[in-house]
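Here the structure is laid out as structure tokens; the discussion comes afterwards.
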Amino acid sequence: MALKRLRQLADAALQLTLPLFEPAAPPAVVRAGHRVLRLGDQFVEYELRRSRRRTIGFVVDDRGLSVTAPRWVAQSEIDSALAERADWVLRKLVEWRDYTRRRDRLAVRWEDGATMPFLGRDLVLRVCAGHRGKPVLVESTLQVGLAPEADNDQLRDVVQAWLQQRAREHFAVRIDHFAREHGVSPRRWALSSARTRWGSCAADGSIRLNWRLMHFPPEIVDYVIAHELAHLREMNHGPQFWSAVGELFPEWQRARDWLRGFPDDITF
Ligand SMILES: [Zn+2]
């Protein structure tokens, strides 16, 4: 195959893996201490620090790309070192952007008018002073009655209690679905509010499901339930376990990857 054709294919593959980047356009304003470099068809802004280290180092994190280089290294050398690792840099930038987008999406602002992800859609929180009783969902608006002097913490407590009640109902329906369709059911199940786990399964045949899953799309909830139910058969993460997950929930790989993008330390 001609070299040109190979290069076109390589470019096309890079495009496919980077669907979130806008078409190339250099940033209008470059921050102090930053530089802009063209990598492939992207303009990448990075922070450059000079240090006593002996080699050029790259870090990509939620602040973007930063480069540390020895004082004596010329700018052209730094640029070509970056160009050599362009694929890695661009991939990491996309990964971090996905990660921070997801993190920001889940960080609910507990105030009137804020949006809250709920089973794959966005609900708007509306504080209705004077409205008594539990929150009421009207189409995509969650009306929350609070005393006029109530603060944001009280709004959070009331909405989270509502979410927990919805979680009890939703999980019961889905667990029942897996029991009817696949004949597998836990001995007991309970809600959890663990900070670092979406679900767990104990040796006595009981499972726990995090009510915060209600912030995710329904298929992600199903995946977590299927995952814990599969542990009733296989108490490990070996190949037989994953094939048991696949019987219960064929789309498990996509859901697992999606969930992996979430930091464990999300504070809702
Ligand atoms: Zn597991």
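What follows draws every value from the coordinates through simple rules; no lab data is involved. Since we're looking at a predicted model, the values are computed, not measured. Reconstructed Cβ throughout: ideal geometry from the backbone, glycine too, with neighbour counts over all protein chains shown.
For the range 151-260, calculate the relative contact order in percent as a whole number, restricting contacts to Cα pairs under 8 Å that are 6 or more residues apart.
Numbers: 117 pairs, mean separation 22.7, N = 110.
The normalised contact order for the range 151-260 reaches 21 percent.
In this rough spin-label picture, where each label sits 7 Å from Cα along the Cβ direction, the A203-D61 distance is 4.0 nm.
What percent antiparallel are the DSSP beta bridges of the range 101-167, to the nearest 5? Present the calculation step by step, with values, prior to reporting the outcome.
On the way: 7 of 13 bridges.
Here the antiparallel bridges make up roughly 55 percent for the range 101-167.
Karplus-derived 3J(HN,Hα) values for the range 72-89, using 6.51 cos²θ - 1.76 cosθ + 1.60 with θ = phi - 60°, are 7, 7, 6, 4, 5, 5, 5, 4, 6, 5, 5, 4, 5, 9, 4, 4, 5, 4 Hz; glycine and proline are entered as x.
Using a Förster radius of 25 Å, what is the FRET efficiency between N152 and S193 based on their Cβ-Cβ separation? Nearest 0.05, please. Taking R0 as 25 Å, the efficiency between N152 and S193 is 0.85. Near A114, the amide H atoms lying under 5 Å from its own belong to L125; only residues 5 or more places off or on other chains count, and H is placed 1.01 Å from N.
Quick one: H231, H182, H237, fewest Cβ neighbours within 10 Å first, how do they rank? Before the final figure, lay out each step's value.
Working: H231 22, H182 15, H237 12.
Ascending Cβ contact count within 10 Å gives the list H237, H182, H231.
Shown is the FRET efficiency for E251 and A81, computed with R0 = 41 Å from the Cβ-Cβ distance and rounded to the nearest 0.05: 0.50.
Taking Rh as the Kirkwood radius, which is the inverse of the mean 1/r over Cα pairs, what is the Rg/Rh value for the range 151-260?
Values: Rg = 14.2 Å, Rh = 14.4 Å.
Here Rg/Rh amounts to 0.99.
Determine the gain in length on full extension of the stretch V30-V184; use 0.36 nm per residue of separation and subtract their C-alpha separation, reporting nm with one decimal.
Numbers: separation 154, 0.36 × 154 = 55.44 nm, distance 5.75 nm.
Result: 49.7 nm gained on full extension.
Amide H contacts of L146 (H built 1.01 Å from N, in plane; Pro and chain starts excluded): C128, A129, G130, H131 sit under 5 Å, all sequence-distant by 5 or more or on other chains.
The amide H of F43, built 1.01 Å from its N in the peptide plane, has A25 as neighbours under 5 Å, considering only residues 5 or more places off or on other chains.
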